[in-house]
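Have a look at the structure below before the remarks.
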Amino acid sequence: MRGRLVEGLPLDVGQRSSAPVLGIEHEYRVLDGDQQLDFAPLLHTLKVDGLRLDPTDPNAYRTPWGGLVTSDGREAEVAIAPVALRPGCTSELEWRTLVARDALASALPSHLRLDGYSTHLNLEVDDDDVVAAGRFFVKRFAPAMMLMLDRPTSPGLLVRPRSGRLELGGEYCQGDQLRAAATFAAAGGLACAAAVRSRDARRRLPRAVRSRVRPSNIRAGWYVDRRAFGTDLYRDGRSARLRYGAGRSWTAQAHLHETWERARPTAEPLFDDSELLLVDRVIDGTIALPLEVGTTSTGGSRGNRHANAFEDVVRPRGRPGYRVDPASIAWDAVVFDLHGERDGIVCVPRPALPEFLADLDAGRLDEQIGRFLTSSPQGRVLRASDQTGSPGLFDEMASPGAIVPPERIPGRSGFGGFGGGTPADARRNKNRRGQPRRLPKPAQLLVASVVVAAVGVGAAVAVASRDDGKTTVAIAAPSATITTAARPTTAGAVAPGVCHVGLCGTWTAIAHATIGEFAQTLHITSHDLATGVFRGDVNGSFVVEGTLSGVEMVWSYSGGGYRADFRTTLAGTGVGATFNGPFTDTNGSSGTFEATCTNA
């Protein structure tokens with residue numbers, strides 16, 4: 001249980017009022033000749049310069065160049081520190097992605113090489129507005145963003161409202177393509193965010209394009225296929241016919257022109273003339289779209305570089321009477337361990353991080369921190385992201401993942417079923433280059449729902465949006481704890497509904513079934529010490545119950561008229577813990593199941 005939230009002792013550190021920030025993630029296939037290797041088992045055999053202090057990804061290395069190196073499925077992933085949107089920022093963004101690629105490449109054996117796989121652009125958007133902004137972006141900007149980002153072999157675009165940011169996932173790009181795509185994404189995303197709160201800004205948005213958009217069901221968001229618009233956008237390019245209004249259509253080129261014309265005023269205060277001109281030239285055809293020329297060369301701009309506080313968080317610091325060590329590093333906040341007369345922690349939100357480090361190194365915080373470490377603990381425990389809004393001193397941290405807000409879970413589609421497709425599906429469909437995602441056959445839908453539900457990761461029923469251009473996607477609030485019949489307990493047993501061990505929390509799970517791979521979010525919400533029984537749900541729809549004996553967890557599933565039992569092996573507790581094992585469901589399908597705890 002999270003318990004009562006107690007604010008940290010305020011720390012007198014200023015916070016910068018900065019422009020919105022943009023971060024970039026790049027994924028790479030790691031190739032041995034023409035054969036792709038699975039980077040996940042390879043990662044921890046490499047000499048990566050960094051610390052494994054990411055609160056939600058136990059595989060991630062936080063590095064001295066400010067970003068991180070990790071694995072995502074079979075691919076290697078690098079992410080750069082967020083960069084403030086300001087004139088010249090796209091050169092810095094590209095420069096940082098090149099530093100990240102070089103760091104990854106230098107850690108690999110010389111006979112292995114990297115092949116660009118995907119790009120994810122993460123734009124800071126107020127968390128209260130990001131879901132609605134994402135809906136606007138899907139309807140008003142998605143085709144243009146796809147043309148700015150993707151190649152002829154790409155499957156489509158992912159649009160995800162994350163905590164305080166809008167994530168746009170598409171094809172790997174670099175050079176001019178990356179700078180133009182980043183500028184366009186920022187302009188469109190911020191225009192959509194403004195439209196959430198302003199009717200005038202909403203009227204200035206480009207016209208909505210009619211499409212069949214599929215919601216994703218491992219993370220809240222939408223998948224926009226290359227054929228979502230009634231034509232193959234990547235085949236036809238600028239000449240593709242897009243529908244809007246009642247039976248009207250226009251070319252993708254006309255759509256490109258209107259989206260940039262409407263969004264450009266939002267971008268003008270944040271970018272310099274050369275950055276805006278680059279997008280102008282891509283829009284008017286002077287510079288080719290990625291699908292018209294493929295990818296750019298591996299070279300690129302290594303322009304102006306601004307200091308970034310994330311470059312300096314991994315360094316331990318010795319101060320008079322106490323020591324400061326990094327403890328948990330997320331993009332929105334960083335926690336440092338304090339060791340003096342007693343131990344404590346300090347939590348610093350990203351906007352205050354530069355000033356905190358400068359003040360710390362200059363000794364301006366020694367008196368405040370020293371006074372805190374000589375005082376008695378006051379029960380100040382950092383338990384949730386709600387406590388990270390300003391710099392504060394705490395006695396302890398409940399878990400490394402406490403500083404990270406919970407992920408949104410997807411709502412249901414308009415037909416009452418789960419939304420079709422998942423980000424995991426979309427990523428793996430990139431291996432089917434040049435082809436759109438296929439809708440499952442009706443028989444496969446039923447089998448898929450049984451297989452995934454039987455392993456406690458929920459139904460993967462794919463339901464496409466109606467082709468009327470008006471379907472919206474519900475983003476549900478986190479599910480409430482489910483109620484199940486209580487088992488008999490011994491005298492003095494702790495009541496169900498209270499978690500006393502480090503297994504309750506959010507688990508990201510994947511079922512590798514005979515009919516495909518499916519992903520879902522599993523919530524373990526309660527634990528009965530007397531019986532060793534854990535209870536939870538899959539997005540509030542499928543009841544799961546597991547009994548722990550040693551390292552073996554025996555699970556049962558019930559929901560949708562089915563029930564199944566299977567066994568998994570547990571490794572670890574808290575964030576980073578895993579369990580996996582084989583399964584066979586009542587419908588005769590089989591495979592393996594694996595889950596990782598991402599937020600205890």
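The values are calculated or read from the model by the stated rules, or taken from the named source; none is laboratory data. In this text, all values refer to a predicted model and were calculated from it rather than measured experimentally. Glycine also receives a Cβ, built like all others from the backbone with ideal geometry; neighbour counts cover every protein chain displayed. Keep in mind that these areas ignore ligands, DNA and RNA; they rest on the heavy atoms of the full protein, side chains included. Shrake-Rupley method; radii C 1.70, N 1.55, O 1.52, S 1.80 Å.
When the stretch 207-256 is examined, which residues are found to be assigned to a strand (DSSP E or B) and among the hydroxyl-bearing types (Ser, Thr, Tyr)?
Scanning the stretch 207-256 gives TYR223, TYR244, SER249, THR251.
Looking only at the stretch 259-276, how many residues end up being part of a helix (DSSP H, G or I) and either among the aromatic types (Phe, Trp, Tyr) or open to solvent by less than 20 Å² (accessible area, probe 1.4 Å) (or both)?
So the answer is 6.
From the residues in the stretch 146-164 that are surrounded by fewer than 24 Cβ atoms within 10 Å (Cβ to Cβ) and not in a strand (DSSP E or B), which one is nearest to the chain's Cα centre (by Cα)?
Restricting to residues being surrounded by fewer than 24 Cβ atoms within 10 Å (Cβ to Cβ) and not in a strand (DSSP E or B), the top hit is SER163.
Given the structure, is ASP176 touching a residue at least 12 places away in the same chain (Cβ under 8 Å) and farther than 28 Å from ILE510 by Cα?
Against the criterion (touching a residue at least 12 places away in the same chain (Cβ under 8 Å) and farther than 28 Å from ILE510 by Cα), ASP176 qualifies.
How about the stretch 165-206: which of its residues are of a type in the set (S, T, N, Q) and part of a helix (DSSP H, G or I)?
Hits for the stretch 165-206 are GLN177, THR183.
Mind listing whichever residues of the stretch 173-191 are within 20 Å of the chain's Cα centre (by Cα) and either among the hydrophobic types (A, V, I, L, M, F, W, C) or open to solvent by 10 Å² or more (accessible area, probe 1.4 Å) (or both)?
CYS173, LEU178, ALA181, ALA182, ALA185, ALA186, LEU190
Being over 30 Å from HIS306 (Cβ atoms) and open to solvent by 30 Å² or more (accessible area, probe 1.4 Å) is the filter here, so list the residues in the stretch 116-138 that pass it.
ALA132, ARG135, PHE136
Kindly evaluate PHE372 against the criterion of being over 31 Å from the mean Cα position of the chain (by Cα) and aromatic (Phe, Trp, Tyr).
yes
Need pairs with beta-carbon distance below 7 Å; first residue within 20 Å of PRO55 (Cα to Cα) and within the stretch 332-346, second among the small types (Gly, Ala, Ser) and outside any strand (DSSP E or B); sequence gap 6+ or separate chains.
Note: pairs meeting the criteria are ASP332/GLY164.
For residues that are open to solvent by less than 70 Å² (accessible area, probe 1.4 Å) and touching a strand residue (DSSP E or B) at 6+ places or on another chain (Cβ under 6 Å), scanning just the stretch 12-23, find the one that is modelled with the lowest pLDDT.
ALA19
Of the residues GLY237, GLY230, which single one is among the small types (Gly, Ala, Ser), within 30 Å of SER91 (Cβ to Cβ) and surrounded by fewer than 20 Cβ atoms within 10 Å (Cβ to Cβ)?
GLY237
Could you list all residues from the stretch 394-407 that are assigned to a loop (DSSP other than H, G, I, E, B), at pLDDT below 90 and open to solvent by 50 Å² or more (accessible area, probe 1.4 Å)?
Result: PRO406, GLU407.
So VAL69 ticks every box in (1) touching a residue at least 12 places away in the same chain (Cβ under 8 Å); (2) assigned to a loop (DSSP other than H, G, I, E, B) but one. Which box is left unticked?
(2)
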